[in-house]
Structures are given as C-alpha cells and as structure tokens.
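> One structure, pasted below without further comment.
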Amino acid sequence: MINTAIEQLPNITLITLPGILDRTKKSFICSKSSLFLDSYNIHKAFLACTGLTIRDGATNTFYEENINKKKVVEKSDKIFLLADSKKFGVSTLMTYCPLDKIQNLITNEMAC
C-alpha cells in the first residue's frame, strides 16, 4: 500500500524496484533489480548510506542494496546523499559511491 501523502502529490511519480520489501532495511531485495535499473534514465537520485568517509565515500552493509545503489549512481545525472551526522567518519563493508560523485549532501548538521 502506498502512503497516502505520496498519493496526494500529483507531480511525484513513484517507481519501485521489483523484489521483496525488506522492512528491516527499508529496501527492495532482488538479485535482478540492477537489470531493471538498466532501462531507466535517472536524472536525480536520492540515496541513503550507512557510512560516509573521505576515503571510502558512501558505504553500505548489505550486498543486494549495494549492487542497486552502484547501478543508480552509474545511471544518475545528479546524486543527493542523505546522511545524518552519525554517519560521518563511519566506513562500512562496501562502497557504492565515491565522494567525488556526490553533488549534494542532505544532513541534520554539518561535521566540523
């Protein structure tokens, strides 16, 4: 079921990946999702991360998510990274986006 708030925004087109919604990770898990992403031209991507460092960029812990996010980064014209300040200085298992590919950072407070 789609959130009622999204339904009331006529200028928003919601596209979801095929697969199963993993409620604990809040993402769709499917080994073929990256193939699905190949057919799209992505102008703006809003992506979350598990960690963000200068050396490793945006990182993630789950393999399926990492594959999908790497594909989105590859296909996108502009990357908006969503990261709360607790993610700064944290590097997790896999990098999906180097720091130099992120054009915009959306956070709750800037790091010192």
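The values are calculated or read from the model by the stated rules, or taken from the named source; none is laboratory data. Keep in mind that what you see is a predicted model, and the values were worked out from it rather than measured. FYI the Cβ positions are ideal-geometry reconstructions off the backbone, even for glycines, and counts take in every protein chain you see. These area figures cover heavy atoms from the full protein model, side chains too; ligands, DNA and RNA do not enter into them. Shrake-Rupley method; radii C 1.70, N 1.55, O 1.52, S 1.80 Å.
> Report ³J(HN,Hα) in whole Hz for each residue of segment 49-64, in order, from the Karplus equation J = 6.51 cos²θ - 1.76 cosθ + 1.60 where θ = phi - 60°; Gly and Pro get x.
So the Karplus estimates, Gly and Pro as x, are 9, 8, x, 8, 9, 5, 5, 9, x, 7, 10, 8, 9, 9, 4, 4 Hz.
> Principal axis extents for the chain, Cα atoms only, whole Å, descending order, please.
39, 30, 29
> Hey, rough spin-label estimate for residue 15 and residue 55, points 7 angstrom out along Cα→Cβ, what's it come to in nanometres?
3.6
> Something else now. Probe of 1.4 angstrom, ligands and nucleic acids ignored: what's the accessible area per residue over segment 23-112, in square angstrom?
64
> Using only DSSP helix segments of four residues or longer, with each worth -39500 (n - 2.57), what per-residue ellipticity at 222 nm results for the chain after dividing by its residue count and rounding to 500?
-5000 deg cm²/dmol
> Which parts of segment 74-88 would a label at residue 107 reach, counting a residue when its backbone N lies under 12 Å from a point 7 Å out along Cα-to-Cβ?
In segment 74-88, the label zone of residue 107 (backbone N under 12 Å from the point 7 Å along Cα→Cβ) covers 81-88.
> While we're on this one: What is the gain in length, in nm to one decimal, between residue 77 and residue 93 on full extension, counting 0.36 nm per residue of separation less the C-alpha to C-alpha distance?
Fully extending the segment from residue 77 to residue 93 adds 3.2 nm.
> Count the DSSP beta bridges whose two residues both fall in the chain, then state the antiparallel fraction as a percent rounded to the nearest 5.
Antiparallel bridges make up about 45 percent of those DSSP assigns within the chain.
> Going by amide H atoms built from the backbone, whose H comes under 5 Å of the H on residue 93, apart from near neighbours?
Amide H neighbours of residue 93, under 5 Å, 5+ apart: 60.
> Which of 12, 85, 97 sits closest to the plus end of the dipole of the chain, meaning its Cα is farthest towards the positive end, when Lys and Arg get +1 and Asp and Glu get -1 on the C-beta?
Highest projection toward the positive end goes to 97.
> Next up: Among 87, 25, 71, which one moves the most in a GNM of the chain with springs linking Cα atoms closer than 10 Å?
25
> So if I place +1 on the C-beta of Lys and Arg and -1 on the C-beta of Asp and Glu, and nothing else carries charge, what would the dipole magnitude of the chain be about its Cα centre? I want it in debye, nearest 20.
100
> In addition: For residue 69, list the aspartates and glutamates whose Cα falls under 19 Å from its own Cα; do not include residues on the same chain fewer than 8 positions away.
Cα-Cα hits under 19 Å: 22, 38, 56, 77, 84, 100.
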